[in-house]
1. Within segment A:71-83, how many residues are surrounded by fewer than 21 Cβ atoms within 10 Å (Cβ to Cβ), touching a strand residue (DSSP E or B) at 6+ places or on another chain (Cβ under 8 Å) and either touching a residue at least 60 places away in the same chain (Cβ under 8 Å) or not in a strand (DSSP E or B) (or both)?
2. Looking only at segment A:89-114, filter to residues that are outside any loop (DSSP other than H, G, I, E, B) and without any contact (Cβ under 8 Å) to a residue 40 or more places away in the chain; which one of those is farthest from the chain's Cα centre (by Cα)?
3. All but one of (1) more than 14 Å from chain A (Cβ to nearest Cβ); (2) surrounded by 14 or more Cβ atoms within 10 Å (Cβ to Cβ); (3) assigned to a loop (DSSP other than H, G, I, E, B) hold for residue B:27; which doesn't?
4. Where residues in segment A:27-38 are in a loop (DSSP other than H, G, I, E, B), touching a strand residue (DSSP E or B) at 6+ places or on another chain (Cβ under 9 Å) and away from chain B (no Cβ under 11 Å), which of them is farthest from residue B:102 (Cα to Cα)?
5. Among (1) surrounded by fewer than 16 Cβ atoms within 10 Å (Cβ to Cβ); (2) within 24 Å of residue B:91 (Cα to Cα), which single condition is residue A:66 missing?
6. Out of all the residues in segment A:39-65, which are touching a residue at least 12 places away in the same chain (Cβ under 8 Å) and away from every other protein chain (no Cβ under 13 Å)?
């Protein structure tokens with residue numbers, strides 16, 4: 001069954017911000033992790049959020065430019081990335097800790113283009 | 001932060017061959033190591049967690065081993081449907097770093 005459902009594709013201009021959502025339909029208390037994958041590139045972990053406390057942690061590369069939030073009332077986590085450049089064009093995924101199972105969102109393509 | 005070095009970046013093997021991919025952590029991560037398979041345009045699929053535990057539904061030709069800093073994913077008899085890119089990921093603590101990936105092709 002579906003566990004994580006993400007928002008749809010986005011097209012943004014350089015310098016703009018994007019906010020991607022991820023709704024959980026099971027195990028709503030588990031942490032969300034955000035991972036991205038640029039075209040033809042590998043998987044890159046961006047950070048985590050605890051939906052119970054709102055606690056977060058970000059990969060050093062994204063600190064100062066990413067904000068992860070959540071709305072526990074609708075079991076949804078958000079990832080907002082600011083000051084977008086073409087290098088941020090990627091598929092963004094929410095996922096769970098692999099020790100808990102194979103739970104990934106379907107991915108959200110974010111395209112940054114003038 | 002702990003770095004994950006995966007090798008080789010790519011390999012080409014024949015159907016039926018035994019294939020080995022390695023992942024080395026810059027510091028010990030106990031057995032908190034997972035392996036994923038990703039086919040083009042698809043979401044990564046969990047193959048193995050806790051170094052050697054096969055995820056439900058994964059064919060038994062896949063196996064994992066190792067501990068501490070050195071880990072291995074083995075495909076005992078490569079099949080055509082195994083063409084994909086494989087990633088390791090540490091999950092002992094954040095950051096949950098991925099290896100760079102290994103692209104597996106059929107010769």
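Each value in this text was obtained by applying a stated rule to the coordinates, not by laboratory testing. All values reported here derive from a predicted model rather than from experimental measurement. Positions of Cβ are backbone-derived with ideal geometry, glycine not excepted, and every protein chain shown enters the neighbour counts.
1. Residues meeting the conditions: 4.
2. Narrowing segment A:89-114 to residues outside any loop (DSSP other than H, G, I, E, B): A:90-95, A:98-100, A:104, A:108-112.
Imposing the further condition that a residue be without any contact (Cβ under 8 Å) to a residue 40 or more places away in the chain reduces the set to A:98-99.
Details: A:98: 16, A:99: 19 Å.
Per the criteria, the residue is A:99.
3. (2)
4. Quick first cut of segment A:27-38, residues in a loop (DSSP other than H, G, I, E, B) only: A:27-31, A:38.
After this cut, where a residue has to be touching a strand residue (DSSP E or B) at 6+ places or on another chain (Cβ under 9 Å) as well, the list is A:30-31, A:38.
Cutting the leftovers down to away from chain B (no Cβ under 11 Å) gives us A:30, A:38.
On the way: A:30: 29, A:38: 16 Å.
Residue satisfying both the conditions and the ranking: A:30.
5. (1)
6. If the condition is that a residue be touching a residue at least 12 places away in the same chain (Cβ under 8 Å) and away from every other protein chain (no Cβ under 13 Å), then A:51, A:52, A:54, A:65 are the ones that fit.
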